[in-house]
Amino acid sequence: MMKKVTILLPAYNEEASFPLIIENMKKVIADNPNYEWEFLMVNDGSTDHTLQQMIRLHESDPHYNYIDLSRNYGKEVAMMAGFDYAQGDALIIMDADMQHPIDVIPEMLRYWEEGYDDVYAQRQGSQESWLKRKTSQWYYKVLQKMTRIPIQKDTGDFRLLDHSCVAALRQMRESERNTKGMYSWIGFHKKGIYYQQQERLEGKSKWGVWSLMNLAVNGITSFTTAPLRLASVMGVVVSAVAFAYLIYIILMTNLYGDPVQGYPTIMVTVLFLGGVQLLSLGILGEYLGRVFNEVKGRPGYFINSYNGKRHETDSTKQPSSES
C-alpha cells in the first residue's frame, strides 16, 4: 500500500500564484510516483479570488482539498487548521507563492523513509535584502540564547513532518502560536537539509516590517520567559547603580564639600528610571495579554467549509478519509 503525503499550502490573497501551484504540484506527482498525494489548501480569509481558484481545483482534480476559514486568522492559525485536516502519513508545509523549491522534496522523502520525523529545510540563500536577512539571523541567535531547546537557524515552516509530529502539534491548541518554536519543543528525530529560496514570481509579499516585528515579539514571548527575567535583572542593576551613586554623592559632599547637583541630575535619573519601569511594564503586558487570550478557551479557528461542506465547523474535528 502506497504511503500518503500531504502538502499543506496556506494562502492569503494568492490568486496570481495558482498557475505556478498547479505546474509545481503536477511535477511533484510525476517525480514521486511511489506516493499518494494530497494537496491541502487553506484559504485564510482572502479578499481576492483565491477561494474560487481552490474550488475549481478541487472540482477538477481529486488530489486537491481545501479549507475555507471564516476570516483571516494569520498563517500560524491557518497551519493549525492544516494540521487538523491533513490526511497523509507525512505532511510537507510550503508557501503558496512557490518560493520553496519542489526539487528538495525527494530528499525530504528519502530521509523520512530512513526514519527521520522532522526533515527541515535551511535557507542557503535568498533574494531578500541584506537587512532582512541579517535581522532574521540576529533574531534566531537571540531566541537560541533565551532558551535551552535547540533552535534551527535560517529555518522556517518549509519542512516534512511525520504523522507522529503532526499528532503532537494537534494537541497544542494555544491561540498565541509560534509554530517554529513548537517544532523544536516537540522534539522527535530531526534532520536538516539546505535549499535556495526562489524569487517570488507572482503577487507580492504579505510580510511588511511591522508584521515581521510582530512575529518576532510573538515568537519570543510565546516560547520563552527570558524577557521577564531580564526585567528583574534590570531592576536589580538600576537599584545597584542608584545606591552606588548615592554613596558617591555622600562621599563627595562630606569629604570635598562639593555641592550636590540639582535639576539636571534629578531629570536624568527620573527619565532613566521611568524608561526602565515602562519597559518592564511593557514586557509584563505582553505576557499578560497572552494569558488573557488563552484563558478565554476559545477555539483556535472556525471554518466556512471543508471541500464545500459547511457542517464541519468544529476546530477540534478532523474530516473522514472519505471527505
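The values are calculated or read from the model by the stated rules, or taken from the named source; none is laboratory data. Every value quoted in this text rests on a predicted model; they were computed, and no experiment measured them. Counting neighbours? That spans all protein chains shown, and the Cβs are built from the backbone with ideal geometry, glycine included. Heads up: the accessible areas ignore ligands, DNA and RNA and are worked out on the full protein's heavy atoms, side chains in. Shrake-Rupley method; radii C 1.70, N 1.55, O 1.52, S 1.80 Å.
If you go through region 144-165 and keep only what is at pLDDT below 85 and either of a type in the set (G, A, S) or farther than 15 Å from D95 by Cα (or both), you end up with Q144, K145, M146, T147, R148, I149, P150, I151, Q152, K153, D154, G156. Which of the residues belonging to region 46-73 are open to solvent by less than 20 Å² (accessible area, probe 1.4 Å), free of Cβ contacts under 8 Å to residues at least 40 places away in the same chain and within 24 Å of R177 (Cα to Cα)? Hits for region 46-73: nothing passes. Residues in region 18-38 that are in contact (Cβ under 8 Å) with a residue 60 or more places away in the chain and open to solvent by 10 Å² or more (accessible area, probe 1.4 Å): P19, L20, N24, K27, D31, N32, Y35.
On inspection, M41 passes the criterion of being assigned to a strand (DSSP E or B) and either among the hydroxyl-bearing types (S, T, Y) or surrounded by 21 or more Cβ atoms within 10 Å (Cβ to Cβ) (or both).
Across region 297-312, the number of residues qualifying as open to solvent by less than 80 Å² (accessible area, probe 1.4 Å) and at pLDDT 75 or above comes to 9. Could you check region 164-181 and list, in sequence order, the residues that are surrounded by 18 or more Cβ atoms within 10 Å (Cβ to Cβ), of a type outside the set (G, A, S) and either in contact with a helix residue (DSSP H, G or I) (Cβ under 6 Å, 6 or more places away or on another chain) or more than 30 Å from A16 (Cα to Cα) (or both)? C165, V166, L169, R177, N178, T179, listed by residue number. Of all residues in region 75-93, none satisfies being farther than 21 Å from C165 by Cβ, open to solvent by 10 Å² or more (accessible area, probe 1.4 Å) and not aliphatic (A, V, I, L, M). If you go through region 271-292 and keep only what is without any contact (Cβ under 8 Å) to a residue 40 or more places away in the chain and open to solvent by less than 70 Å² (accessible area, probe 1.4 Å), you end up with L273, G274, G275, G282, G285, G289.
When E15 is tested against (1) in contact (Cβ under 8 Å) with a residue 60 or more places away in the chain; (2) in contact with a strand residue (DSSP E or B) (Cβ under 9 Å, 6 or more places away or on another chain); (3) acidic (D, E), exactly one condition is not met: (2).
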